[in-house]
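Only the coordinates and a few stated rules stand behind these numbers; no lab work does. Keep in mind it's a predicted model, so treat the numbers as computed, not measured. Here the Cβ is made from the backbone with ideal geometry for all residues, glycine too, and neighbour counts use every protein chain on show.
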Amino acid sequence: MKDIELVFRTIGERTSEIALEFAIKNIKPKKVHLIKNIKPFSKTMKHILQIPFKGDYIVFMDADCIIMENIRPFLNINDKAYVDCFVIDKFRGNVHTGVHITRRDIVEEMTKIKIYNDDLKYILRPESRTRNLALNHLNEDKSFKRFRIFHDFFQFYEDIYVKYALRELKSRSEHRRLRLNFCMNNWRNDDLDYILAKKAIKYTRNQIPHETSSYEIENFIKELPKIAHRELKNLKLNEKKPLKNQEVLDLRVAYNTIKQTNQNKKIFCIGLSRTGTKSLTVALYILGYNILHYPYNQDTLEALYNGTYNFNLLNDYDGISDITVSPYYAQLDKLYPNSKFILSLRDKEAWLKSFEAHWENRDPFNEPNKSETYMKIRRFLRASVYGTYKYNRERMSYVYDLHVKNVLEYFKNRPSSLLIINIFEKNAWKHLCKFLNVSNMDGPFPNVKTNEQLSKLSNFYSYKKIKNKS
């Protein structure tokens, strides 16, 4: 049984007492570090990193999270450097935030990280920025796990206002803003929580234009509690009363009566590499789906080697994109009935040129800074999908045509299961949204060309590929 320490951070959230009670019950920590009323969050992190941790793992959690299941069994067997937890968020659906499981050596490395004064990533996300740098220094990566954790339910109005002013600041890329706008379109107009969140977003957009300096943003963040208090006073809105256990239990009952996520219904993006699979992954994220692009962890390698295709990652993700799944649609269709399949296409001549450039500097046997597992998966998929380790135009042209022909033949009597999409053409959003039966999106379709872009866009880090350390 591993030694677990809990860092519980509160700034007086309405859920604080109940969240701590549930956390102790469901984590069973050896030691609890209570961090109270330290602002801003950058100061909170500096305080936390001065703690001399002794446990095997440290669970960092915010008081806006209520853990509704026993996660101790997972903690006892977990050996990942860092696990970001998917939670049920009132405003954004299933997202990873609020509860972070971190191995002690990562935390110790975080204490050594130096941050520059104008680092906007640190200003907006002090913990995430520091931890990501520490993970990079130690050549470690993120993992993700889905738990039943309620996030941002029951919060005080002022806290919601502050949080969604910050959410707007964190959503300044094109794709993040699309994701935030999509969420807002699904918020009910009869819920004051949603109304206040929208007001905070609108206020921030008006007060803090995109060209605002890091220094001005930092000062705005410091003033947010005062701004929230003033705006609520102007609205003549009485703050919520203290939270009672029964409210939480009622929500749990309500969620337990909702049909659970169908693990047999996934989304598989089965286009070949360089047909827009990264852009499609981001588009699906904007629509609320967590799709993993080209995973390369040990479990995935073993599933490929064994020909099982029952990828463990699908316990926590809504689907997989790119050639990890491209050739195995028939097997995946049987393993995950009722799933949706998306075949991305593009002009073949443009694809051949892009594909040649894509393979040019990617050696199948040796590439610096790539793990052994990553290289094994690269060789396996090149051999199984393309039948070659090196680029060959004639061969690639043949594989492209054959793949399209076989997919169309397989799904010819099931048009509702397959979407054929060219993300480079007009109406790509319209076709994708209609296929998934969601509201249509405005604006250009995402155009993501590199893994670096994919890792940086949205809150991502659900797309950052999982690399298993052997």
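A few comments on the model shown:
- FRET E, pair residue 37, residue 390, Förster distance 60 Å, beta-carbon r, rounded to 0.05: 0.50
- The distance between label points at residue 244 and residue 430 comes to 5.2 nm (points 7 Å beyond Cα on the Cα→Cβ vector).
- Relative contact order (%) - criterion: Cα under 8 Å, at least six apart; region: segment 4-151: 29 percent
- Extension gain for the segment residue 409 to residue 121, taken as residue separation times 0.36 nm less the Cα-Cα distance, is 98.9 nm to one decimal.
- Relative contact order of the chain, defined on C-alpha pairs under 8 angstrom at six or more residues apart (%): 15 percent
- For segment 154-236, GluC sites (Glu not before Pro) are listed when DSSP marks them as loop and at most 11 other Cβ atoms sit within 10 Å of their Cβ; the list is 211.
- Cβ-to-Cβ counts within 10 Å put 164, 398, 82 in ascending order as 398, 82, 164, the fewest first.
- Cβ-based exposure ranking for 401, 363, in which fewest neighbours within 10 Å come first: 401, 363
- Highest mean packing first, where packing is the average number of other Cβ atoms within 10 Å per residue, the peptides 325-334, 280-289 line up as 280-289, 325-334.
- Using the empirical formula 2.2 N^0.38 Å as the baseline, the Cα radius of gyration of the chain reaches a ratio of 1.01.
- Tensor-based shape of segment 35-117 (alpha-carbon gyration tensor, a/c under 1.5 rounded, otherwise prolate or oblate): oblate
- Fewest-first sequence of 438, 399 by Cβ atoms within 10 Å of each Cβ: 438, 399
- In segment 21-129, the GluC sites (Glu not before Pro) that fall in loop regions by DSSP, at most 16 other Cβ within 10 Å: 69
- Other residues within the sphere of radius under 12 Å centred on the Cβ of residue 13, judged by their own Cβ, net out at -1 (K and R +1, D and E -1).
- For segment 406-421, backbone nitrogen atoms closer than 16 Å to the point 7 Å from residue 330 Cα along Cα-to-C-beta are found at 406-414.
- Mean ellipticity per residue at 222 nm, deg cm²/dmol - from DSSP H runs of n ≥ 4 across the chain, formula -39500 (n - 2.57): -13500 deg cm²/dmol
- Cross-link partners of residue 226 among aspartates and glutamates (Cα-Cα below 18 Å; sequence separation of 8 or more within a chain): 13, 158, 159, 168, 216, 218, 239
- Relative to the Cα centre, the charge distribution of the chain, modelled as +1 at Lys and Arg Cβ and -1 at Asp and Glu Cβ, gives a dipole magnitude of about 220 debye.
- Under the combined filter of DSSP loop state and at most 11 neighbouring Cβ atoms within 10 Å, segment 133-190 retains these trypsin sites (Lys or Arg not before Pro): 188.
- Positive minus negative residues near residue 352 (Lys, Arg vs Asp, Glu; Cβ under 15 Å): +1
- Cross-link table 121/240; 121/340; 266/376; 353/434; 31/222, entries beyond 28 Å C-alpha to C-alpha: 121/240; 121/340; 353/434; 31/222
- With 19 Å as the limit on Cα-Cα distance, the pairs of 30/54; 114/370; 90/163 that go past it are 114/370.
- If the convex hull is drawn through the Cα atoms of segment 4-151, its volume per residue in Å³: 107 Å³
- Taking label points 7 Å from Cα along the Cα-to-Cβ direction, residue 3 and residue 77 give a separation of 2.4 nm.
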